Amino acid sequence: MATASIKDDPKARFRAAVHAARASASTFENAPLAGRSGHVELSPAAREVADLFADRPISPSVLTGMIRLFELTMVAAIGMIVYMTYVAGAFVFDLYYALPLISGALLTVVLIQAADGYNIGNLRTIVSQIGRIFAAWTMVFAFFATVAFFAKIGDYYSRVWFGTWYLAGLGFFFLFRFGLALVVRRWYRDGLLERRAVIIGGGQTAETLINALEGGIDSDIRICGIFDDRADDRSPPIVAGYPKLGNIAELVEFGRITQLDMLIVALPITAESRVLDLLKKLWVLPVDIRLSAHSNKLKFRPRSYSYVGTVPFLDVFDKPVADWDSIVKRVFDLVVGSLALVLLSPLMLAAAIAIKLDSKGPVFFRQKRHGFNNEVVSVWKFRSMYTDQCDHAARNVVTKGDPRVTRVGRFIRKTSIDELPQLFNVLTGELSLVGPRPHAVDAQTKNRSWESVVDGYYARHKVKPGITGWAQINGWRGEIDTPEKIQRRVEHDLYYIENWSVMFDIYILALTPIRLLNTENAY
């Protein structure tokens, strides 16, 4: 029975993993390095903890946004259904009914918001939710009654409609919020609505921070462990019941395989050089990075801080394209990508026929490339090289007049037609239409890997790679035969990540066909 309980309860599994981590905490300082350059092997206990958080959590802001939208729609729909059932025919549906339907739905959401009815913590409590909803919904109809009385327009409306709408709406809110509370409680139990955080640093500072976070009523932080470069004599292997899972290099690997939301640096701001060194290593991860100000003696204005419950933090980095931005970008990719696939299908069919007639072998070519958060994805391309000379690892860059490239391959590479099959990667969610171009896993320039050429190279993987990007429309496409070219590519990629917007994506897509006319560096 105990085994079944641990298997079914995520928090029990986490406690078991933490217990295992405590037992072997002294071994973390000497975690072995793997053979692949830049890759660090995690300790068994750290990997066990990482596996518990490999699933993607639910964004609280997206969840509450969807609840607002659903309730707004349902309030208006209930009013419309009551009208169609009882009022239609006796009263004309004009602005007299349209105005209260629309304004009533909007005012309801505003008042529920004002009553903290969309607070993620309050969604778990049934009694508290119903009380807030009842007050907000009643105030809406009290407002209508007041306006109708003073404006002397009560005769234009059916009193039965108003009364039935009120009661039906109240019934909807009761049933919906009751079911929502049960679901949200389950998600909290499974850890899907908690922000997953790692503490960087140890000792008394980290212990004070952890106690403050866990003691806060409104805190939604789940601490996944502690990472610190310091030895056990300065940074104990266990702090406030949480094990030290490794050093900072291991934290980067931990962040690659774990769905983390936040890194919290529990170091004093006065330790400037150490903080800057940590941030230089950690900013490549697609997470929020916060500097704890809980024990900080330097006091800033309250607006300078963000808060988890009552615990203050200084915001250092924010995760790019997160929450609603990620949904908007994904919808944009699906809509525009599907349309592009339909419109370009004749061109893709012609390219496939030409490739088949020109040389033996398959039409398509798949290559392993770096995707979001350094994950490896298989990218589709039209084959542009002779089959027996294809370079799947991309160790040797294609140069002008490269004998490996077929006659048709030269044309489709110059025009970037060979990239069009990546629209399938967009639809499956591995790529985006716009973003940093996905580079081959083992790509090199003059026998130097690109991550060794550019400091912070992996920061370009904080968003999904794209078919086209800011670097490409600024002339940095094609052959990369010098360190400067890859450096300039990364600079443009990072600019795109920091300044992303839907309009920026549209601008890049609009300029892409024009920029493709410049084939100087495309071989």
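The values are calculated or read from the model by the stated rules, or taken from the named source; none is laboratory data. Note that this is a predicted model, so its numbers are computed, not measured. Neighbour counts run over all protein chains shown; Cβ positions are idealised from the backbone, glycine included.
Can you tell me which residue in region 167-188 is farthest from Leu314 (Cα to Cα), limited to those that are of a type in the set (Gly, Ala, Ser) and without any contact (Cβ under 8 Å) to a residue 60 or more places away in the chain? Step by step, filter region 167-188, then rank; the result is Gly171.
Does Leu251 meet the test of being assigned to a helix (DSSP H, G or I) and without any contact (Cβ under 8 Å) to a residue 40 or more places away in the chain? Here the answer is no, as Leu251 does not meet what is asked. Of all residues in region 146-154, at least one satisfies being touching a helix residue (DSSP H, G or I) at 6+ places or on another chain (Cβ under 8 Å), without any contact (Cβ under 8 Å) to a residue 12 or more places away in the chain and surrounded by 17 or more Cβ atoms within 10 Å (Cβ to Cβ).
Of all the residues in region 241-269, those that are on the phi > 0 side of the Ramachandran plot and modelled with pLDDT under 85 number 1. Residues that are of a type outside the set (D, E, K, R), in a strand (DSSP E or B) and surrounded by fewer than 24 Cβ atoms within 10 Å (Cβ to Cβ) within region 434-466 comprise Ala440, Gln444, Thr445, Ser449, listed in sequence order.
Val379 passes every criterion in (1) assigned to a strand (DSSP E or B); (2) in contact with a Pro (Cβ under 9 Å, 6 or more places away or on another chain); (3) aliphatic (A, V, I, L, M); (4) modelled with pLDDT under 90 apart from (4).
For region 467-488, the criterion of being among the charged types (D, E, K, R), closer than 30 Å to Ile327 by Cα and in a loop (DSSP other than H, G, I, E, B) is met by at least one residue. Tallying residues that are surrounded by 12 or more Cβ atoms within 10 Å (Cβ to Cβ) and in contact (Cβ under 8 Å) with a residue 12 or more places away in the chain within region 330-360 yields 18. Examine region 314-329 for a residue that is under 14 Å from Gln422 (Cα atoms) and crowded, with 16+ Cβ neighbours inside 10 Å, and state whether such a residue exists. No, region 314-329 has no match at all. Filtering region 315-341 to residues that are under 17 Å from the mean Cα position of the chain (by Cα) and in a helix (DSSP H, G or I) leaves Trp324, Asp325, Ser326, Ile327, Val328, Lys329, Arg330, Val331, Phe332, Asp333, Leu334. All told, Gly79 meets the bar of being of a type outside the set (S, T, N, Q), in contact (Cβ under 8 Å) with a residue 12 or more places away in the chain, touching a Phe, Trp or Tyr at 6+ places or on another chain (Cβ under 7 Å) and surrounded by 14 or more Cβ atoms within 10 Å (Cβ to Cβ).
For region 87-115, the set of residues classified as part of a helix (DSSP H, G or I), modelled with pLDDT under 90 and surrounded by 14 or more Cβ atoms within 10 Å (Cβ to Cβ) consists of Val87, Tyr97, Pro100, listed by residue number.
Conditions (1) surrounded by fewer than 20 Cβ atoms within 10 Å (Cβ to Cβ); (2) of a type in the set (Phe, Trp, Tyr); (3) touching a residue at least 60 places away in the same chain (Cβ under 8 Å); (4) closer than 26 Å to Met262 by Cα, marked per residue:
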{"site": "Asn122", "(1), (2), (3), (4)": "yes, no, no, yes"}
{"site": "Val127", "(1), (2), (3), (4)": "yes, no, no, no"}
{"site": "Asp190", "(1), (2), (3), (4)": "yes, no, yes, yes"}
{"site": "Arg195", "(1), (2), (3), (4)": "yes, no, yes, yes"}
{"site": "Gly201", "(1), (2), (3), (4)": "no, no, yes, yes"}
{"site": "Ala212", "(1), (2), (3), (4)": "yes, no, yes, yes"}
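When Ile238 is evaluated against the numbered criteria (1) under 21 Å from Asp318 (Cβ atoms); (2) in contact (Cβ under 8 Å) with a residue 24 or more places away in the chain, which criterion, by number, is the only one it fails? Only one criterion in (1) under 21 Å from Asp318 (Cβ atoms); (2) in contact (Cβ under 8 Å) with a residue 24 or more places away in the chain is unmet by Ile238, namely (1).
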